[in-house]
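See structure below.
Coordinate-derived values only; no laboratory data. The structure displayed is predicted, hence computed values, not measured ones. Virtual Cβ from ideal backbone geometry, glycine too; neighbours counted across all protein chains shown.
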Amino acid sequence: MTSGEVLSERKQITGWVFDIQRFSLHDGPGIRTLVFMQGCPLACKWCCNPEGQKHRPQLRFLSIKCVGADKCKAPCVDACPEGAISLSPEGKAVTDWELCQSRGKCTEACLFGARTIAGKRMTVEEVLAEVEKDWSFYNRSGGGITVGGGEPLIQFEFVLALLKMCKERFFHTALETCGHGPWQHLKQISKYIDLLYYDIKHMDPQKHKELTGVSNELILSNAKRVLSGKVDCEVIVRIPIVPGYNDSKQDVGAIARFVTESGGTMIELLPYHALGSSKYRQLGIQYELREVRPPSEQQMEKLRNRVKSFGLKEMTGVF
Ligand code: SF4
Ligand code: SF4
């Protein structure tokens, strides 16, 4: 195969993407484009992107936009092949989430934007075209692309091809991972990234399973390799701080000890927020952390100091 053929084959690889956000000032240096890959092996109770957890498109129903059958005649009801839509006594659409297969026929029928699909199959070329729109901003600000999700490792071939092509264009590249994937994939992708955000949620395997649905064994074994210099990029360990779940000094201290003993130098603490909670309603999923409030600034400061006491750099607000 010629190099031209390899390149064109690479561009045609497809992946599930549920969002692309331009002009972000988070998740890496400078001005960035964030690419969100769909599908994740974890199901964290606090996940702010639940539409990215399943490796397939997801129907979102925004009840606030539903104008009701008296105004629109409810074409969504007949459009649904699964018979998953009925009408409330007030004439508003009601979705039976058990029956809904997220095939999206109702989204074509609804002219009011009440029903949309999260997740789109895109080629590397299409995503790259979006990312390239802001190349001049990257040049001026030292920014680039950050690939997250969901979990990017589960769409290994797509993410590898995309990052390779971004590197060929000299964009700064970052990846955010939960670390639950094959080491060889992480290692291979790391050749094309400048900055790796590596999430660690809990050191206790049982608690980790309760919070995320999976044990932390694979995550910690990959983390040890990443932190001990087996990848050629900067590594920042991210800890989402969820009150009542992993916000004690012991919880954070245990992760900080693990990071420092494995050879890591940087941690970023991310305070829990409930901004994603409305998305759960739109997807017909129960949000389990309704009672949880964000940690106070005082509590976050204590935890930052705990991280620093291990000689680690705390990275909040650095980029
Ligand atoms: S979801 Fe859309 S089509 Fe269905 S009743 Fe509401 S506004 Fe009408
Ligand atoms: S790892 Fe991230 S994307 Fe996956 S469930 Fe947890 S918070 Fe959501």
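Assorted remarks:
- Degrees separating the helix 156-168 axis from the principal Cα axis of the chain, which is the longest one: 60
- Placed amide H near residue 176: partners under 5 Å, 5+ positions off or other chain: 147, 148, 197
- Along its principal axes, the chain has C-alpha extents of 64, 56, 35 angstrom, given from the largest down.
- Neighbours of residue 287 by Cβ distance under 15 Å: Lys/Arg scored +1, Asp/Glu scored -1, total +3.
- Cross-link partners of residue 11 among aspartates and glutamates (Cα-Cα below 18 Å; sequence separation of 8 or more within a chain): 125, 126, 130, 132, 157, 168
- Highest-first packing order for the peptide set 273-284, 169-180 is 169-180, 273-284, based on the mean count of other beta carbon atoms within 10 Å.
- The range 48-108 and the range 215-247 have Cα centres spaced 38 Å apart.
- Sequence-separation-based contact order of the chain, relative, with Cα cut under 8 Å and 6+ spacing, percent: 19
- Cross-link partners of residue 191 among lysines (Cα-Cα below 17 Å; sequence separation of 8 or more within a chain): 164, 167, 230
- Reach of residue 308 by Cα under 17 Å, taken over aspartates and glutamates that are not fewer than 8 positions away in the same chain: 247, 251, 261, 268, 297
- Ranked packing of 122-128, 248-254, most packed first, by mean Cβ within 10 Å: 122-128, 248-254
- Remark: relative contact order (the range 58-118) = 46 percent; criterion is Cα-Cα distance under 8 angstrom and separation of 6 or more residues.
- Applied to the range 12-25, the Karplus parametrisation 6.51 cos²θ - 1.76 cosθ + 1.60 on θ = phi - 60° returns per-residue 3J(HN,Hα) values of 8, 4, 10, x, 8, 10, 10, 6, 9, 10, 9, 6, 7, 10 Hz, with x for Gly and Pro.
- Among the GluC sites (Glu not before Pro) found in the range 235-295, those both in a DSSP coil and sparsely packed, with 13 or fewer other Cβ atoms within 10 Å of their Cβ, are 288, 291.
- Inter-part distance, the range 109-155 to the range 264-319, computed on C-alpha centroids, equals 24 Å.
- Area projected by the alpha carbon convex hull of the range 58-118, averaged over all directions, nm²: 3.6
- Inter-label distance for residue 94 and residue 71, nm, one decimal - labels placed 7 Å from Cα along Cα-to-Cβ: 2.1
- What the phi angles of the range 311-317 give under the Karplus curve with 6.51, -1.76 and 1.60, with θ = phi - 60°, is a coupling list of x, 9, 7, 9, 9, 4, x Hz, glycine and proline written as x.
- With a threshold of 22 Å on the Cα-Cα distance, the over-threshold entries among 45/120; 45/302; 54/209; 71/92 are 45/120; 45/302.
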